[in-house]
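First the structure, in the form of structure tokens, and then the observations on it.
The values are calculated or read from the model by the stated rules, or taken from the named source; none is laboratory data. This structure is a prediction, so every number in the text was calculated from the model and none was measured. FYI the Cβ positions are ideal-geometry reconstructions off the backbone, even for glycines, and counts take in every protein chain you see.
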Amino acid sequence: MNVTALDWGIIAAFFLISLLIGLFSAKSAGSSAKEFFLSGRNMPWWLLGVSMVATTFSADTPNLVTDIVRKNGVAGNWAWWAFLLTGMLTVFVYAKLWRRSEVTTDLEFYELRYSGKGAAFLRAFRAIYLGVFFNVVIMATVSLAAIKIGGVMLGLTPIQTLLIASVVTVIYSSLGGLKGVLLTDFFQFFIAIIGSFGAAYYVLDLPEIGSLQGLLSHDVVSTKLDFLPDFSDPNVYIPIFILPIAIQWWATWYPGAEPGGGGYIAQRMLSAKDEKNAIGATLFFNVAHYALRPWPWIIVALGSLVIFPTIADLQQAFPQIPIDKLGDDLAYSAMLTFLPTGLIGIVLASLIAAVMSTLSTHLNWGSSYVVNDFYLRFVKPDASDKQLVAVGRISTVVLMLLSALLALALSSALDAFQILLQIGAGTGLIFILRWFWWRINAYTEISAMAISFVVAIFFEVINPKIGLIEIAADQSYLKLIYSVSITTVGWLLVTFFTQPEKDEVLLNFYRKVTPASMGWKKVLDRYPSEKQEKGQLGTEVGLMITGTFMVYAALFSTGFFIYGNVLPGVIAAVISIVGAIVIIRAWKKIH
């Protein structure tokens, strides 16, 4: 690539602004642990929503979309589009409940909802498991994507790439806390959007493609454009469409789309000014994430099929890339090498922004678990705010170092990461029900974690060796169905064979978050003086469905217009607008 002084100047300016934001936020972030991790619970919806979008605008996301489109066409994106369902459930049902809980992290929830040694174990174990182990693996995959981008576009070594990206990220994350992360995310979001749309526009102007019509009519591309998979082949439509829509969205854990909310999404909801701002932030995130961003990535991915039809073409074009790092996901970075001076700088800055926004969020989120849910709770309960902020800053540096070391040891798509995702299969329903069903207890969650872990190890490690359950290569989706079924039956049995939480604990939780009383009646009926909050669960679920149709209609309306199908585009746009009007009219009734 011909990276000029102008391009490097754009990148340098980006780094400088990110550092200045961290320095600007340092004083307020260092005043207390709640300021460092929750920005004083005073953040507006628009800043939180943009931050959520920027965080999920990871460097490996366009690579993933490119991989999906090249293998399974546009319809393959249902693997992640389906998570809009849990996103909208979080918007209209769980956002306000999280804000009412007033916990510092979503792990603190365990000792609000449960009690005793079981609750303490859950909080401590998941603080280390999610905050350190799982978090480091996620950041390592993001860093690996950065390594690939740096290698293809700039010829940088893995160590050089990690040093450039991680040093600045660690500085502003450790100094500025969550406020610094939010403000930097806001700046980085617009850089990332400009970069992705600019890349898509220029790709269409390449001589080999010529125009949007030239791309869509190309023999290799025209078979990849359908929004829905081929329903004549169950081994295609079941894993691509049926499984994500019917099971995956509520049964599995996915960063940024946890059933019932959680992780860094919960952190943003907890830092909102009030319930309305928490709802507004998550609504903006889901609209932007699913309706605004996908098409520029999809266009670049489709263009890559024209320029680099096969992996062999990628290998020929980039002989310096090791064989074990070659894959369809590399095609996105490969397409960006054709960009002109100036736009290269913006796109590189946008990719760096994607890396840094994701890493900074995971660093602050992970360190919040280490500090609040492990150090403060179990190591030094009397720690001062100054000590907590210091531990938070130290853990930020350590987490980045560990993820960088792991990234250097990785070579391609992570089998280990797939096992980690499989481990959570079947636990998602608990995260949805625990707010509304009194019977769920700490042992429900502990048993679900243990069972899903054993089942995942069996299907990913043991069964391939002994062949006890035969699963064809094109039916690997059966592993998820088996895992969800076994884990769900297991934790339900444990729930009914163990004692429920004490009434005092259940009532304290109910009074704090005031969920709809339908699933709490057996407890509340024992206390006639206790107010039973009917809630608006039916309305909220209706708004969730409306919001889902609204966003999907907006997504496909854009797609229809891109394809030149005006009438379906107009119909989808009208559906989306009607959905938006319904939500706006119901907004004042949401409380």
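What the table shows:
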item: Wholly enclosed helices (runs of 4 or more DSSP H) of region 47-154 bearing at least 2 residues in contact with a helix residue (DSSP H, G or I) (Cβ under 8 Å, 6 or more places away or on another chain) and closer than 30 Å to Val505 by Cβ; result: 84-89, 95-101, 110-113, 116-128
item: Test result for Ile562, in a helix (DSSP H, G or I) and free of Cβ contacts under 8 Å to residues at least 40 places away in the same chain; result: no
item: Count of region 31-63 residues which are within 27 Å of Met544 (Cα to Cα) and either touching an Asp or Glu at 6+ places or on another chain (Cβ under 7 Å) or at pLDDT 90 or above (or both); result: 10
item: Residue satisfying condition, being modelled with pLDDT of 90 or more and at negative phi, within set Gln248, Gln213; result: Gln213
item: Answer from Trp295, Trp365 - the residue that is of a type in the set (Phe, Trp, Tyr), surrounded by fewer than 24 Cβ atoms within 10 Å (Cβ to Cβ) and assigned to a helix (DSSP H, G or I); result: Trp295
item: Hits in region 453-493 (condition: among the aromatic types (Phe, Trp, Tyr) and either more than 26 Å from the chain's Cα centre (by Cα) or in the same structural domain as Ala79 (by TED's automatic domain parsing) (or both)); result: Phe458
item: Where Trp520 falls short, out of the listed (1) within 29 Å of the chain's Cα centre (by Cα); (2) surrounded by 15 or more Cβ atoms within 10 Å (Cβ to Cβ); (3) touching a residue at least 24 places away in the same chain (Cβ under 8 Å); result: (1)
item: Condition broken by Arg439, with the remaining ones in (1) within 28 Å of Val523 (Cβ to Cβ); (2) not in a loop (DSSP other than H, G, I, E, B) satisfied; result: (2)
item: From the options Ser18, Ser25, residue that is modelled with pLDDT of 75 or more, among the hydroxyl-bearing types (Ser, Thr, Tyr) and under 30 Å from Tyr290 (Cβ atoms); result: Ser18
item: Tabulated pairs, region 179-206, first more than 26 Å from Leu270 (Cβ to Cβ), second in a loop (DSSP other than H, G, I, E, B) and among the hydroxyl-bearing types (Ser, Thr, Tyr), C-beta under 9 angstrom, 6+ apart or interchain; result: Leu204/Ser211; Asp205/Ser211
item: Condition met for Leu156 (closer than 29 Å to Leu302 by Cα, among the aliphatic types (A, V, I, L, M) and free of Cβ contacts under 8 Å to residues at least 24 places away in the same chain); result: yes
item: The listed residue being at pLDDT below 90, surrounded by 13 or more Cβ atoms within 10 Å (Cβ to Cβ), under 29 Å from Val91 (Cα atoms) and among the acidic types (Asp, Glu), out of Glu540, Glu533; result: Glu533
item: Subset of region 390-416 that is at pLDDT 85 or above and more than 14 Å from Ser166 (Cβ to Cβ) - its residue that is surrounded by the most Cβ atoms within 10 Å (Cβ to Cβ); result: Gly392
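Conditions tested, residue by residue: (1) under 22 Å from Ile430 (Cβ atoms); (2) under 24 Å from the mean Cα position of the chain (by Cα).
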site	(1), (2)
Leu215	no, no
Val221	no, no
Asp230	no, no
Thr252	yes, yes
Ala272	no, yes
